[in-house]
Amino acid sequence: MESLQTVVNSWNDFDTLRHVIVGRADLTCIPPSEPATEAKIPSNSDMRGMWGPRPLATIEKANEQLDSLTCLLEGRGIRVDRPTPIQWNQAVVTPDFSTQSMFGCMPPRDVLLTVGKEILSAPMSFRCRYWEYLAYHTLMQQYFDDDPEFRWEQAPRPRLTDRSYKAGYFDDITIEERLERTAMLDFVTTEDEPLFDAADVLRIGKDLFCQHGLTTNRRGMKWLQRHFPNHRIHVVNFPGDPYPIHIDATFVPLRPGLIMNNPNRRLPEDQRKIFAANDWEIVDAARPAHNSPPPLCYSSVWLSMNVLILDHKTVVVEASENYQMDQFYELGFEVLPLAFRDAYPFGGGLHCATADVLRVGDCEDYFPNQVPGTQIS
Ligand code: GLY
């Protein structure tokens with residue numbers, strides 16, 4: 001397709017999408033155990049004890065579905081760029097830690113945070129993801145050359161020493177104990193240094209809602225507040241989630257005034273006040289169509305709600321998620337179904353698989369009525 005002029009600008013997840021990055025599954029590895037991944041992988045997961053390159057046949061299937069997403073978007077006139085995978089099956093060695101392999105570049109959403117005219121590489125807590133931003137370097141360089149207003153940014157590189165993690169955090173504990181810990185805001189990452197994943201940051205114009213969880217700490221949110229002084233950074237958490245990583249299978253804005261919440265991971269009452277005070281409706285997401293995720297998958301069945309909004313009336317939904325599609329029809333959306341479950345094991349669903357470059361629209365103030373106590377201090 002004819003390429004659109006590069007303009008970096010995106011303030012939310014629902015305005016009209018014009019330009020996006022879609023990940024690639026090539027060379028993806030299951031990383032070896034490390035403090036942050038230990039906390040994420042359920043004790044009964046088929047991934048426990050496994051590491052190394054993912055089977056080629058699964059990579060090819062995932063890439064077919066990522067290519068289908070690319071075709072669907074390009075068919076609607078949306079420009080799609082792709083990262084440049086590197087050989088992820090290499091050790092990461094720094095003065096502070098070493099680990100035997102890297103991860104991949106299927107989920108650009110985890111590392112790239114787009115806020116307006118800026119794309120920021122996040123200081124992620126997984127050691128295996130330390131160099132992941134390199135897969136996007138060529139694209140960032142191109143955007144920098146093409147768009148004189150593009151701000152190419154990087155949060156402070158974390159050291160990821162053992163001080164960044166609580167030792168033995170999740171050894172031999174039940175789901176109930178996990179839930180108790182996460183409800184008490186007791187996470188594997190410490191406050192030793194700023195850490196966040198971009199996918200923990202929900203962008204709604206002037207307000208950024210950050211999930212405090214396994215991959216994002218309060219120091220990371222404080223860094224975001226100083227870095228974005230014209231924004232308001234709110235701390236949110238979802239006590240029903242035993243593995244609170246990434247907000248986009250938990251709390252998903254659909255259009256101005258409407259947000260979808262995972263019914264197993266409800267936003268606590270006190271944190272809902274800011275939405276009520278500004279006439280935002282929070283609806284429960286439909287239940288997933290599946291009882292279990294596909295094999296070798298980090299994520300839960302709630303990738304059903306990890307959808308890609310193309311504009312205020314159009315959404316891409318995984319093709320087997322009948323209940324979620326029905327809910328979108330009832331909410332007045334045009335639904336574009338797309339088979340995507342083969343991509344899930346590589347790092348998530350349709351939203352995870354993408355990172356915004358351009359959505360038409362400005363930085364709106366959707367929450368003029370602020371509620372004391374919700375912002376990071
Ligand atoms: N954190 C994404 C999920 O629900 O699996």
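Of note:
- When the pairs Lys117/Lys273; Lys222/Lys313; Lys222/Lys273; Lys61/Lys117; Lys61/Lys206 are compared against a 32 Å limit on Cα-Cα distance, Lys222/Lys313; Lys61/Lys117; Lys61/Lys206 fall above it.
- For the chain, a simple Cβ point-charge model (Lys and Arg +1, Asp and Glu -1, everything else neutral) yields a dipole of about 500 debye relative to the Cα centre.
- Close amide H contacts of Glu118 (hydrogens built in the peptide plane, cut-off under 5 Å, sequence separation of 5 or more or a different chain): Ser10, Arg151.
- With all protein chains kept in place, the per residue accessible area of the range 105-145 amounts to 24 square angstrom at a probe of 1.4 angstrom.
- 3J(HN,Hα) from dihedral phi, the range 9-21, Karplus parametrisation 6.51/-1.76/1.60, rounded to Hz, x for glycine, proline: 5, 7, 10, 7, 9, 10, 5, 4, 7, 10, 7, 8, 9
- His312-Ala167 pseudo-label distance in nm [points 7 Å out on the Cα-to-Cβ vector]: 5.5
- Normalised per residue, the volume of the convex hull around the Cα set of the chain (Å³): 125
- In this simple spin-label model, placing a label point 7 Å from the Cα along the Cα-to-Cβ direction at both Ile175 and Arg157 gives a separation of 4.0 nm.
- The DSSP beta bridges internal to the range 22-153 are antiparallel in roughly 75% of cases.
- Approximate spin-label separation Glu330-Leu134, in nm, with each point projected 7 Å along Cα-to-Cβ: 4.9
- Using the Karplus relation 6.51 cos²θ - 1.76 cosθ + 1.60 with θ = phi - 60°, the per-residue 3J(HN,Hα) values for the range 254-263 come to 9, 6, x, x, 9, 9, 10, 10, 4, x Hz, with x marking Gly and Pro.
The values are calculated or read from the model by the stated rules, or taken from the named source; none is laboratory data. Predicted model only: the values in this text are computed from it and were never measured. Ideal geometry is used to build each Cβ from the backbone, glycine not excepted, and the neighbour counts take in all protein chains shown. Each accessible area value is taken on the protein alone, full model and side chains, heavy atoms only, with ligands, DNA and RNA left out. Shrake-Rupley method; radii C 1.70, N 1.55, O 1.52, S 1.80 Å.
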